[in-house]
Amino acid sequence: MIQEALYASHLLLFLFILPIAIFAQPNQPDDTNTLAFTHATVIDVVGAKSLPNMTVVIRDGRIADLGRDGKVPLPRDARIIDSSGKFLIPGLWDMHVHTSYKSFLTLFVANGITGVRDMGGSPGEFELLQQWRQQIRNRTLLGPHIVAAGIHVDGPIPLGRPNSLNVATENEAREAVDFLKGRGANFIKVYSMLPREAYFAIAEEARKQGLSFAGHVPASITAREAADAGQQSMEHLFGVLTACSTDESALWKEAMSSVAKSGISVFVQAEIGAELKAMITYDEKKATALFARFVENGTGQVPTLAAWRTIETEDDSHFDSDIRLKYMPLERKGSWKAQRTRFLQSLGAEYDAKKLRLFENQLKLVNRMHRAGVLIMTGTDSAAPYVFPGFSLHDELLLLVRAGLTPMEALQAATRNPAKFLGLLDSFGSIDRGKIANLVLLEANPLQDISNTQKIAAVVIEGQLLTKEALRSLLADASAMAAEK
């Protein structure tokens, strides 16, 4: 994850995670079994259209019925929510998170995120995450649907030593896959320093074990090789821009040389140095062939633009004054500024002079892949420095639109696309009969301005209604917990 690879933040503190009284008044979800939203405009992310004057009926946690106002019978026991002038969208997904604190679950839900893909942490964090998942299933804890990697798999000289399973050989790689499956991991997270033989052994063993694998494109592998090996998604755009360069071979050899060297800064400097050179030698023909390969292999992309923006911005002044800092645990936000400063200093003047241009190229790259039919999904890398759990998903939507996606396409990247990618379209991703009732009611039209996804009137998570007042209470709880030592 960028949190480790870009900031050298290895050890995530989880010993002082405290329980949040999620179900204490006044932030208790409404326990009415049946809800009916009337006079709503439903955003149909499958048909890519708006459906005005709609009624949506929810019973026992699922969407029981929907249709035009007056055409859908209203159950006598339903709680009626007049949604005149409001817009219903499916619950949002953040496909790249690190759930290091229980309070993050609150921040996800309060921001309309009803599904997350946790991309791994320390063994202790995975144990906690498993407990939280069970509590969410039992409805003793409020939180999103969680798909989890567990512990990521890296090479013998890893980027995140305390947080990874470190493998050097094919046998060790296969054992890591078997171990993670036994621990309950939903997929395998591959990382930057994996040797080639170990990487391909993971790919083969994961297939045998019925698991997918996703993550970084290791320095020892090209992006095309990763796609052909069956890597389900690539994170942070690592390796993609380089694979579009006429000098790919030379740039790849430079990256390979960093695998044998210890230290995060060496690898990251090589990775970003390659991208700076690849900007100049970008080849449209190579890019077209690569993107076609992604489409053919079903390789998704999670660019985490919100994380890249934190280090590729011109104006640094807003970071320390961001009002969202009040939701972050003291030990986390206290280290962010120093981590970011050290990282930027390690890259030197060349990067500082070209970082804005690099970010614009990353935006263009996302747009080109999207237009080529590559599956783009929203992910943030929370909680990397200045990437805020829950809140930054809305930043990612804004950046996808800035990259050239329409507001509807950005919404699809946060709803339909993740559900399709995870094989969960039967339950998630759109507002349809029979699906789990994960919805967000907005005060304004997100198709006119994607920033309207931040104007949340209510959230429904598995049929449980959280009103605006309840959401405010959840955020107040998260802020209070963050302030505790």
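Every number here is computed from the coordinates shown, using simple stated rules; none is lab data. Everything quoted here is computed from the prediction, not taken from an experiment. Positions of Cβ are backbone-derived with ideal geometry, glycine not excepted, and every protein chain shown enters the neighbour counts.
Listing for the model above:
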{"quantity": "Region 357-385 residues that are free of Cβ contacts under 8 Å to residues at least 40 places away in the same chain, paired with ones that are among the small types (Gly, Ala, Ser) and part of a helix (DSSP H, G or I) (beta carbon under 6 Å, 6 or more apart)", "calculated": "Asn367/Ala403"}
{"quantity": "Condition met for Ala176 (in a loop (DSSP other than H, G, I, E, B) and of a type in the set (A, V, I, L, M))", "calculated": "no"}
{"quantity": "Any hit, region 202-210, residues being out of contact with any helix residue (DSSP H, G or I) (no Cβ under 7 Å at 6 or more places or on another chain), surrounded by 19 or more Cβ atoms within 10 Å (Cβ to Cβ), in a helix (DSSP H, G or I) and not basic (Lys, Arg)", "calculated": "no"}
{"quantity": "All positions within region 278-299 that are more than 24 Å from the chain's Cα centre (by Cα) and assigned to a helix (DSSP H, G or I)", "calculated": "Ala278, Met279, Ile280, Glu284, Lys285, Lys286, Ala287, Thr288, Ala289"}
{"quantity": "Gly182 being of a type in the set (Gly, Ala, Ser) and over 24 Å from Met234 (Cβ atoms)", "calculated": "yes"}
{"quantity": "Residue within region 469-485 that is in contact (Cβ under 8 Å) with a residue 60 or more places away in the chain, of a type in the set (Lys, Arg) and over 28 Å from Met54 (Cα atoms) present", "calculated": "yes"}
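Let's see how each residue does on (1) touching a residue at least 60 places away in the same chain (Cβ under 8 Å); (2) over 20 Å from Ala223 (Cβ atoms); (3) touching a strand residue (DSSP E or B) at 6+ places or on another chain (Cβ under 7 Å):
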{"position": "Asn297", "(1), (2), (3)": "yes, no, no"}
{"position": "Trp308", "(1), (2), (3)": "yes, no, no"}
{"position": "Leu330", "(1), (2), (3)": "yes, yes, no"}
{"position": "Gln345", "(1), (2), (3)": "no, yes, no"}
